[in-house]
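Trainee: Pasting in a structure now, in C-alpha cells, and then I'll have a few things to ask.
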Amino acid sequence: MHIGGREMSSIRIIRQPGYQDFLRAHVVMLDGKKIGKIRSGESKDFLVPAGQHDLCLKIDFCGSKKSSFTLKDGETRTFYVRSALVGAKICLSFFYLIFAPNSYLVLE
C-alpha cells in the first residue's frame, strides 16, 4: 500500500486462543503508543512506517517483553502472542502479576 508517495509496511499480530483472559482484549503498543486491541483467536494487521520499532502487548498492568525489530518498505512482519500461563503454570498467576508482569504474555 502506498501512502503519501511512500510504500507502507505492516505488522500482523496473531493472538492464539486460550482460556486465560479470553474475554479481555490485549492492547497493542508500538513505540510506546497504543495502536489497537486484539481479542482471543484474532489476527490483525496494522500499517506502520518502515524503520526501527519496539512492540509489546499489555493487559492491565501486565504484558509481554518488548520486541525490537526493523521493517523495510512494503515488508510485513508476523508476531504471535499467547499467555505464559498454560497448563500447571496457571497456579503461578500471582507470581507473574507481582514479580514478572512483563512475562505474563509471550510475544514471538
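The values are calculated or read from the model by the stated rules, or taken from the named source; none is laboratory data. Since this is a predicted model, take the numbers as computed values, not measurements. Glycine also receives a Cβ, built like all others from the backbone with ideal geometry; neighbour counts cover every protein chain displayed. Only protein heavy atoms, including side chains, enter the accessible area calculation; ligands, DNA and RNA are left aside. Shrake-Rupley method; radii C 1.70, N 1.55, O 1.52, S 1.80 Å.
Trainee: For L23, all conditions in the list (1) open to solvent by 30 Å² or more (accessible area, probe 1.4 Å); (2) touching a residue at least 24 places away in the same chain (Cβ under 8 Å) hold save one; what is the number of the exception?
Mentor: (2)
Trainee: Scan segment 16-38 for residues that are of a type outside the set (A, V, I, L, M, F, W, C) and in contact with a Phe, Trp or Tyr (Cβ under 8 Å, 6 or more places away or on another chain) and jot them down.
Mentor: Going through segment 16-38, the residues of a type outside the set (A, V, I, L, M, F, W, C) turn out to be 16-21, 24, 26, 31-34, 36-37.
If the condition is that a residue be of a type outside the set (A, V, I, L, M, F, W, C) and in contact with a Phe, Trp or Tyr (Cβ under 8 Å, 6 or more places away or on another chain), then Q16, G36 are the ones that fit.
Trainee: Separate question: Which count do you get for residues in segment 68-107 that are within 20 Å of S40 (Cα to Cα) and at pLDDT 95 or above?
Mentor: 6
Trainee: Considering only residues that are part of a strand (DSSP E or B) and either of a type outside the set (V, I, T) or in contact with a Lys or Arg (Cβ under 6 Å, 6 or more places away or on another chain) (or both), which ones fall in segment 60-75?
Mentor: Across segment 60-75, the qualifying residues are C62, G63, S67, S68, F69, L71.
Trainee: Here's a follow-up. Read through the list (1) under 11 Å from L105 (Cβ atoms); (2) out of contact with any helix residue (DSSP H, G or I) (no Cβ under 8 Å at 6 or more places or on another chain), then give the number of the only condition that P49 fails.
Mentor: Going through (1) under 11 Å from L105 (Cβ atoms); (2) out of contact with any helix residue (DSSP H, G or I) (no Cβ under 8 Å at 6 or more places or on another chain) one by one, P49 breaks only (1).
Trainee: Quick check on segment 46-58. Is at least one of its residues over 20 Å from M8 (Cβ atoms), surrounded by 13 or more Cβ atoms within 10 Å (Cβ to Cβ) and at pLDDT below 95?
Mentor: no
Trainee: Take the residues of segment 64-73 that are in contact (Cβ under 8 Å) with a residue 40 or more places away in the chain and out of contact with any helix residue (DSSP H, G or I) (no Cβ under 6 Å at 6 or more places or on another chain): which is most open to solvent (accessible area, probe 1.4 Å)?
Mentor: Step by step, filter segment 64-73, then rank; the result is K72.
Trainee: Right, another one. Can you work out which of the residues in segment 74-88 that are of a type in the set (A, V, I, L, M, F, W, C) and either closer than 15 Å to K34 by Cβ or in contact (Cβ under 8 Å) with a residue 60 or more places away in the chain (or both) is surrounded by the fewest Cβ atoms within 10 Å (Cβ to Cβ)?
Mentor: If we take residues in segment 74-88 being of a type in the set (A, V, I, L, M, F, W, C) and either closer than 15 Å to K34 by Cβ or in contact (Cβ under 8 Å) with a residue 60 or more places away in the chain (or both), then V86 is surrounded by the fewest Cβ atoms within 10 Å (Cβ to Cβ).
Trainee: A follow-up question, please. So which residues in segment 6-17 are more than 14 Å from S64 (Cβ to Cβ) and in a loop (DSSP other than H, G, I, E, B), if there are any at all?
Mentor: Once the filter is applied, which keeps residues that are more than 14 Å from S64 (Cβ to Cβ) and in a loop (DSSP other than H, G, I, E, B), segment 6-17 yields M8, P17.
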